[in-house]
There are 2 protein chains.
Amino acid sequence: MTFDILHRVGIDTSVDKVYETLTTLEGNRGWWDSRARGDGHKGGVLTFFEHDFQVTDAVPGELVKWKCVRGSPEWLGTEITFQLAHKKDQTFVLFKHAGWKEPVEFMHHCSTKWATFLLSLKALLETGKGRPAPGEVPVYVGG
Amino acid sequence: MTFDILHRVGIDTSVDKVYETLTTLEGNRGWWDSRARGDGHKGGVLTFFEHDFQVTDAVPGELVKWKCVRGSPEWLGTEITFQLAHKKDQTFVLFKHAGWKEPVEFMHHCSTKWATFLLSLKALLETGKGRPAPGEVPVYVGG
């Protein structure tokens, strides 16, 4: 049995704009980690916070999927999926960070951080300005 | 098998202040639902968003636990736990909304909303002003 972090945001933009943001280095630098490196297209590897993510799937207008192939023991092997759907005049991003081995305190922390970063993705696409790290929304004193 | 929403925030205040906020009507009105009604002490029933929550446990300095006893089919019977711990010069709130029957899209939505409300709790205690509903942080267009 494993454990998943789930989130959803609705963004006032097209599915294509969300897809482009999630599959390009520049796009991902705008909402998650401004120091990201690598290649966001299918088969590429993106590095965020010294963790490597292989882009294992990317279907225009539908979904983007990453697998953590280097990083902390808690993250290694976990998979992150962004499912996209346009409805109610916006693009909904159904987010899942799947495969945590235990619901450790760090998982609680990461769940809250993911919410702030997904709201950063929403802000980036709606206003042109996200809040990627460093400079992201703090969820504790000192972080 | 059931599914849980997890979060964690660290707040620049004492454990006692967090506990007081979570066990009083006025406190809970300041971060979650400004229209809340009821009694936040152990054994009491709080009403938020037309859902009733029995305060099934409340241990000063340690934890507060609610059970949803009236509400939407997805929420009914679920349990919400706030575990409190003072460390690293702040009070950490380890949050769990446990017992979802299925990881439905509404669960994804609620997970993101919980993050914004827990950051509202943090803001309330650190600045004196939270963002309870109505007027909370929107996570989609129209909500």
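Taken together, the values in this text are just the output of simple stated rules run on the coordinates, not laboratory data. The structure displayed is predicted, hence computed values, not measured ones. Glycine also receives a Cβ, built like all others from the backbone with ideal geometry; neighbour counts cover every protein chain displayed.
For chain A, with a Gaussian network of springs between Cα atoms less than 10 Å apart, report the residue from A:Leu76, A:Leu118, A:Leu84 with the top mean-square fluctuation.
Maximum fluctuation in the GNM of chain A, among the listed residues, is at A:Leu76.
Hey, how many Å between the Cα centroid of region A:5-28 and the Cα centroid of region B:8-52?
34
Shielding by partners for B:108-120, please: the mean number of other protein chain Cβ atoms within 10 Å of each residue's Cβ. Kindly include the intermediate steps, with their values, before the conclusion.
Details: counts 12, 7, 3, 10, 15, 3, 4, 11, 5, 0, 3, 7, 0.
Mean inter-chain Cβ contacts per residue within 10 Å come to 6.
Which part of region B:53-72 falls in the paramagnetic zone of B:His41, meaning amide N under 17 Å from the point 7 Å along Cα-to-beta-carbon?
So the set is B:54-61, B:64-65.
In region B:49-116, which trypsin sites (Lys or Arg not before Pro) fall in coil by DSSP and have 15 or fewer other Cβ atoms within 10 Å?
On the way: sites: B:Lys65, B:Lys67, B:Arg70, B:Lys87, B:Lys88, B:Lys96, B:Lys101, B:Lys113; in loops: B:Lys88, B:Lys101.
Qualifying residues, ordered by number: B:Lys88, B:Lys101.
For A:Thr127 paired with A:Glu50, estimate the spin-label separation in nm (one decimal), with each label point 7 Å from Cα along the Cα-to-Cβ line.
3.1
Can you tell me the dipole magnitude for the protein assembly as shown around its Cα centre, using point charges on the Cβ only (Lys, Arg +1; Asp, Glu -1), in Debye to the nearest 20?
I would put it at about 200 debye.
Quickly estimate the mean residue ellipticity at 222 nm for chain B, helices only: each DSSP H run with n ≥ 4 gives -39500 (n - 2.57), and the total goes over all residues, rounded to 500. The partial results should precede the final answer.
On the way: 3 runs with 36 residues, N = 143.
The per-residue figure over chain B is -8000 deg cm²/dmol.
Work out the mean other chain Cβ neighbour count within 10 Å for the residues of A:132-141 and drop it here as an integer.
Values: counts 0, 0, 0, 0, 0, 3, 4, 9, 11, 12.
Taking all residues of A:132-141 together, the mean is 4.
What are the nm distances, shortest first, from A:Gly44 to its equivalents in the other copies, labels at 7 Å along Cα→Cβ?
Here A:Gly44 shows inter-copy label distances of 5.4 nm.
Points 7 angstrom from Cα along the Cβ direction at B:Lys88 and B:Val69: gap in nanometres?
In this crude label model, B:Lys88 to B:Val69 measures out at 3.7 nm.
Give the residue list of GluC sites (Glu not before Pro) in region B:1-82 that are DSSP loop and have at most 11 other beta-carbon atoms within 10 angstrom. Working shown, then result.
Numbers: sites: B:Glu20, B:Glu26, B:Glu50, B:Glu62, B:Glu74, B:Glu79; in loops: B:Glu50, B:Glu62, B:Glu74.
Those satisfying the criteria are B:Glu50.
Going Cα to Cα from A:Lys87, which aspartates and glutamates come in below 14 Å? Please leave out same-chain ones fewer than 8 positions away.
A:Asp12, A:Asp16, A:Glu62, B:Glu105
What list of ³J(HN,Hα) couplings, whole Hz, do you get for region A:130-139 from phi and the Karplus terms 6.51, -1.76, 1.60, once you set θ to phi - 60° and write x for glycine and proline?
These are the phi-based 3J(HN,Hα) values: x, 10, x, 6, x, x, 6, 5, x, 10 Hz.
With the label 7 angstrom out along Cα to Cβ, how close does B:Met1 come to the same site in each of the other copies, in nm, nearest first?
0.9
Take the rotation relating chain A to chain B, measure from its axis to every Cβ in chain A, and name the nearest residue with the distance in whole Å.
A:Ala115, 2
Once you've got the Cα coordinates, tell me which of A:Lys96/B:Lys17; A:Lys129/B:Lys67; A:Lys65/B:Lys113; A:Lys113/B:Lys88 are over 29 Å apart.
On the way: A:Lys96/B:Lys17 33 Å; A:Lys129/B:Lys67 39 Å; A:Lys65/B:Lys113 23 Å; A:Lys113/B:Lys88 19 Å.
Beyond 29 Å: A:Lys96/B:Lys17; A:Lys129/B:Lys67.
How far, in nm to one decimal, is A:Leu76 from itself in the other copies if the label point is set 7 angstrom along Cα toward Cβ? Shortest first, please.
The projected label point of A:Leu76 is separated from its counterparts by 4.6 nm.
Please give me the summed charge of the neighbours of A:Gly30: other residues whose Cβ is under 14 Å from its Cβ, Lys and Arg +1, Asp and Glu -1.
Details: positive: A:Lys17, A:Arg29, A:Arg35, A:Lys122, A:Lys129, A:Arg131; negative: A:Glu20, A:Glu26, A:Asp33, A:Glu126, A:Glu136.
Residues close to A:Gly30 contribute a combined charge of +1.
For peptide A:3-16, how many partner chain Cβ atoms fall within 10 Å of a residue's Cβ, on average?
Average per residue, whole number: 5.
Please identify, among A:Gly27, A:Gly71, A:Gly130, the residue showing maximal mean-square fluctuation in a Gaussian network model of chain A using a 10 angstrom Cα cutoff.
Looking only at A:Gly27, A:Gly71, A:Gly130, the biggest GNM fluctuation is shown by A:Gly71.
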